[in-house]
Amino acid sequence: MSVVYNPHVKFLRKWGSRGSGDGEFSWPQSLSIDNEGNVYVSECSNDRIQVFDPEGRFLRKWGGEGSGDGEFIRPQDLAVGVDGNVYVSDRDNNRIQVFDPQGRFLRKWGSEGNGGGEFIRPQGLAIDGAGNVYVSEYGNDRIQVFDPQGRFLREWGSEGSEDGEFRTPQGLAVDDDGDVYVSDQGNHRIQVFKPTV
């Protein structure tokens with residue numbers, strides 16, 4: 001295997017190896033960076049969140065396998081909100097959990113189902129400039145939107161391949177204009193939306 005370096009990109013650092021100890025990973029799934037440059041990482045197989053300083057030094061962790069507050073079953077995406085809190089899509093518990101930057105449990109919302117505020121395998125998670133939380137659902141083929149406290153605001157999408165339909169949506173991002181980008185995995189495309197509410 002050869003490694004090709006782009007002359008316009010400089011390698012800075014790396015950290016971690018396979019395992020379950022501090023600073024080790026088993027299926028790191030997603031990451032987010034707070035205003036101080038700390039790196040939050042969700043781990044699907046270790047069912048936890050780890051936090052590192054900008055140089056990759058281990059700071060703290062929380063979680064563990066389970067369905068209690070602060071426990072996870074296959075955490076997926078995570079995001080640091082405008083309030084500094086950490087929002088995590090807890091996929092196999094069909095919920096979103098929220099923690100302060102130190103990992104203290106604050107609140108949760110969601111249960112299994114297909115109504116507003118219910119989930120079947122929440123995946124992607126993004127936060128807009130107003131603090132609203134966008135969640136993609138692998139099982140319900142839709143996007144749901146919540147306020148920072150977890151109150152359901154709206155949803156869109158259904159299974160299919162037409163504009164605005166999804167097949168197993170995954171990652172989400174919200175740009176500075178509030179446009180929502182969705183990786184529509186099963187349809188092999190990216191869709192972009194402008195919320196009108």
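Output the number of residues of the range 74-83 satisfying the condition of being out of contact with any strand residue (DSSP E or B) (no Cβ under 6 Å at 6 or more places or on another chain) and at pLDDT 95 or above.
Filtering the range 74-83 for residues out of contact with any strand residue (DSSP E or B) (no Cβ under 6 Å at 6 or more places or on another chain) gives 74, 82-83.
Next, only the ones that are at pLDDT 95 or above stay: 74.
Matching residues across the range 74-83 total 1.
Candidates in the range 135-159 are the residues that are out of contact with any Gly (no Cβ under 8 Å at 6 or more places or on another chain) and open to solvent by less than 10 Å² (accessible area, probe 1.4 Å); of these, the one that is farthest from Gln191 (Cα to Cα) is Val145.
Among the residues making up the range 129-176, those that are modelled with pLDDT of 95 or more, outside any strand (DSSP E or B) and among the acidic types (Asp, Glu) are Asp141, Asp147, Glu162, Asp163, Glu165, Asp175. Identify all residues within the range 179-197 that are under 14 Å from Ala126 (Cβ atoms) and at pLDDT below 95; write none if there are none. Across the range 179-197, the qualifying residue is only Pro195.
In the range 1-24, what residues are among the charged types (D, E, K, R) and either modelled with pLDDT of 95 or more or within 26 Å of the chain's Cα centre (by Cα) (or both)? Passing the criteria: Arg13, Lys14, Arg18, Asp22, Glu24.
With respect to the conditions (1) out of contact with any strand residue (DSSP E or B) (no Cβ under 7 Å at 6 or more places or on another chain); (2) of a type in the set (D, E, K, R); (3) closer than 20 Å to Asn94 by Cβ, Asp176 lacks only one, and its number is (3). Just the residues that are over 23 Å from Tyr181 (Cα atoms), open to solvent by 50 Å² or more (accessible area, probe 1.4 Å) and assigned to a loop (DSSP other than H, G, I, E, B), please, taken from the range 102-128. Selection gives Gln102, Arg104, Ser111.
Okay, residues lined up against (1) surrounded by fewer than 12 Cβ atoms within 10 Å (Cβ to Cβ); (2) free of Cβ contacts under 8 Å to residues at least 40 places away in the same chain; (3) more than 20 Å from Tyr138 (Cβ to Cβ):
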site	(1), (2), (3)
Val9	yes, yes, yes
Gly21	yes, yes, yes
Phe25	no, yes, yes
Gly37	yes, yes, yes
Tyr40	no, no, yes
Glu55	yes, no, yes
Phe58	no, yes, yes
Glu71	no, yes, yes
Val88	no, no, no
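Inspect all residues belonging to the range 86-93 and state whether any of them is out of contact with any helix residue (DSSP H, G or I) (no Cβ under 8 Å at 6 or more places or on another chain), at pLDDT 95 or above and part of a loop (DSSP other than H, G, I, E, B). No: the range 86-93 contains no residue that is out of contact with any helix residue (DSSP H, G or I) (no Cβ under 8 Å at 6 or more places or on another chain), at pLDDT 95 or above and part of a loop (DSSP other than H, G, I, E, B). Taken as a whole, the structure places Val80 among residues that are open to solvent by 20 Å² or more (accessible area, probe 1.4 Å), within 16 Å of Ala126 (Cβ to Cβ), among the hydrophobic types (A, V, I, L, M, F, W, C) and touching a Ser or Thr at 6+ places or on another chain (Cβ under 8 Å).
Looking only at the range 160-171, filter to residues that are surrounded by fewer than 18 Cβ atoms within 10 Å (Cβ to Cβ) and of a type outside the set (Asp, Glu); which one of those is nearest to Phe105 (Cα to Cα)? Taking the candidates together, the pick is Gln170. For first residues located in the range 169-181 and touching a residue at least 60 places away in the same chain (Cβ under 8 Å), partners that are open to solvent by less than 40 Å² (accessible area, probe 1.4 Å) and of a type in the set (S, T, N, Q) and lie 6+ apart or on another chain with Cβ distances below 9 Å form the pairs Gly171/Ser30; Gly171/Gln123; Gly171/Ser136; Gly171/Ser183; Leu172/Gln123; Leu172/Ser136; Leu172/Ser183.
Taking the conditions exactly as written (among the polar types (S, T, N, Q), open to solvent by less than 30 Å² (accessible area, probe 1.4 Å), closer than 20 Å to Leu31 by Cα and outside any loop (DSSP other than H, G, I, E, B)), does Ser183 satisfy them or not? Break it down stepwise before answering.
On the way: among the polar types (S, T, N, Q): yes; open to solvent by less than 30 Å² (accessible area, probe 1.4 Å): no; closer than 20 Å to Leu31 by Cα: yes; outside any loop (DSSP other than H, G, I, E, B): yes.
Spelling it out, it is not the case that Ser183 is among the polar types (S, T, N, Q), open to solvent by less than 30 Å² (accessible area, probe 1.4 Å), closer than 20 Å to Leu31 by Cα and outside any loop (DSSP other than H, G, I, E, B).
The values are calculated or read from the model by the stated rules, or taken from the named source; none is laboratory data. What you see is a predicted model, and the numbers here were worked out from it, not measured in a lab. So basically every Cβ, Gly included, is an ideal-geometry build from the backbone, and we count neighbours across all protein chains shown. We work out accessible area using only protein heavy atoms, side chains counted, and drop any ligands, DNA or RNA first. Shrake-Rupley method; radii C 1.70, N 1.55, O 1.52, S 1.80 Å.
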